[in-house]
Amino acid sequence: MVLPTRQNVEKVLEHFNRKDGVIVVKGKELRERDDTDVEVDFRQESSFYYLTGVAEPGFYVVIDVATKRIQLFAPPVNPDDVVWMGYPDSLETLQTKYDVDEALYTTDLDARLKEASAVYTIPHFNLTFKDEAIKSASTEDNDALYAAISEARIVKADWEIEVMRKANKISSDAHVKVMEAAKTGINEAELYAIFLNESNRNGAFFQSYMPIFGAGMNAATLHYNKNNATIENATDMILVDAGCEYNYYASDITRTFPVGGKFTEEAATIYSIVLDMQKACFAELKAGAKWEDIHTVALEVAAEGLIKTGIIVGEKQELLDKDVVAAFFPHGIGHMIGIDVHDVPKYCTSVERIDRPSYRYLRMRRTLAAGNVVTVEPGIYFCEFMIDPVVKAEETKKYINVDILNKYKSVGGVRIEDNLVVTEDGYVNLTTAPKEIAEIEALMAEASSKKRKLE
């Protein structure tokens with residue numbers, strides 16, 4: 001199947017307010033590990049893949065702004081490479097394999113660029129041309145190109161959403177396998193291996209990011225990735241933040257569950273608060289919603305839940321105004337996701353960050369549009385590094401009941417994360433991994449029963 005990447009090119013050109021010249025985007029080169037002849041795993045540059053669908057090294061693409069003509073430039077045939085890697089696709093094959101008008105070799109690239117009235121490229125490529133006849137565009141023009149690619153990428157086509165649905169299905173099934181395998185005495189690394197195996201056997205050979213398998217207090221570290229502790233206690237909660245990449249599109253899913261399959265009263269209480277946070281955010285999710293407003297909803301629900309437990313004390317609005325809740329929920333509510341797990345643009349250049357503990361780690365501030373795909377990932381964590389300053393500060397220590405806080409600390413951390421497509425009047429949830437307490441306990445109880453029968 002030829003990916004319809006010409007649609008992506010046309011979307012970029014709609015956002016790129018220039019009338020002539022050419023866009024040149026460079027694919028990644030194959031690299032070797034230091035002082036070896038062993039290749040580093042190759043992963044194509046995301047914007048290049050978005051424009052071409054090419055997952056091979058050494059390519060360029062040239063797009064004529066006025067005519068929309070797309071030319072793919074392939075590395076010339078290298079006899080040494082043929083010996084080790086096999087014969088590459090011919091130019092004729094490349095033209096039929098990808099959604100382009102013409103395939104050429106990179107030996108013809110400079111000649112093509114010399115013909116152009118201006119040559120635009122993505123700023124972070126730092127492409128320089130030795131031939132002075134090539135008219136490199138200004139920094140302003142190149143910045144505008146990057147902005148155009150970013151804006152195009154964050155509104156997904158139907159076919160992109162279907163690829164992401166597949167990535168979510170593979171990852172959701174892998175999360176289920178991890179829940180079924182959990183037991184006392186198992187190591188975080190063993191659960192990690194189970195997730196990788198389930199991903200690989202379903203054709204997802206890359207992970208979207210370094211997975212997190214944190215049990216007990218390890219779950220209180222947001223990006224814990226040592227993934228090597230043995231899980232001793234049946235009551236320990238395990239936070240699994242893992243998602244495969246399928247055909248270059250990411251998934252990013254978090255589930256938290258008890259190793260013994262049964263939530264303690266304290267764990268169930270905190271978990272229910274986080275699930276309520278997520279559901280409240282879902283209710284606000286639609287085209288036209290502001291991302292920071294959705295984050296505010298999560299903070300409000302967290303405050304209500306933590307007040308009810310007695311962990312924090314005071315009026316809800318005062319606790320929010322003093323950023324007390326940020327000690328337990330320090331990160332943003334989520335981010336864009338697509339070809340990259342933290343998809344572009346990471347932050348709108350037209351708005352400033354909100355410089356407050358409750359908001360400063362938001363990964364974006366923007367009004368959502370239909371076709372955006374976002375993660376919604378609220379959490380509550382008992383990280384002493386974050387909580388202790390609030391407990392010790394004269395201004396805020398009155399807001400924390402330390403005795404009740406100590407009762408809940410062993411929960412470690414809870415995060416629940418799904419991937420959602422924004423629609424005009426709501427959302428579509430791509431993530432299918434179970435997350436209701438009853439679902440998780442029933443799933444794990446059935447798995448435990450099967451294990452006993454096999455023993």
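For the reader, a short list of remarks on this structure follows.
- Relative to the dominant Cα principal axis of the chain, helix 139-153 is inclined by about 60°.
- Under 5 Å between amide hydrogens, built in the peptide plane, is the criterion, and for Thr431 it picks out Asn419 among residues at least 5 positions away or on other chains.
- Length-normalised contact order for the chain - Cα pairs under 8 Å, 6+ apart - percent: 15
- Length-normalised contact order for the range 89-241 - Cα pairs under 8 Å, 6+ apart - percent: 15
- Over the chain, all Cα pairs binned in 20 Å intervals from 0 give whole-percent P(r) values of 23, 49, 25, 4, listed from short to long.
- Spacing of the two label points (7 Å from each Cα toward its C-beta) at Met1 and Asn225, in nm: 3.0
- For Gly338, the residues whose amide H sits under 5 Å from its own are Ala250, Asp343, ignoring neighbours fewer than 5 places away on the same chain, with H placed 1.01 Å from N.
- Gyration tensor over alpha-carbon atoms, the range 185-279, equivalent ellipsoid semi-axes in Å: 24, 17, 11
- Mean separation of Cα pairs under 8 Å and 6 or more residues apart, divided by the residue count, gives the range 8-68 a relative contact order of 46 percent.
- Using alpha-carbon coordinates, inclination of helix 265-284 to the longest axis of the chain, degrees: 40
- Axis angle, to the nearest 10 degrees, between helix 437-454 and the longest C-alpha principal axis of the chain: 90 degrees.
- Debye-sum result for the range 1-115 in log10 I(q)/I(0), which assumes one identical scatterer on each alpha carbon, at q = 0.12, 0.19 Å⁻¹: -0.46, -1.05
- Dipole magnitude (debye, nearest 20) for the chain, charges at Cβ of Lys, Arg, Asp, Glu: 880
- Helical contribution to [θ] at 222 nm, DSSP H n ≥ 4, -39,500 (n - 2.57), averaged over the chain, rounded to 500: -11500 deg cm²/dmol
- Couplings for the range 381-395, taken from phi via the Karplus curve 6.51 cos²θ - 1.76 cosθ + 1.60 with θ = phi - 60°, read 10, 10, 9, 4, 4, 7, 7, 4, x, 6, 5, 8, 6, 4, 6 Hz in order; Gly and Pro are left as x.
Values in this text are rule-based calculations from the coordinates and carry no lab data. All figures in this text were calculated on a predicted structure; none of them were measured in a lab. Positions of Cβ are backbone-derived with ideal geometry, glycine not excepted, and every protein chain shown enters the neighbour counts.
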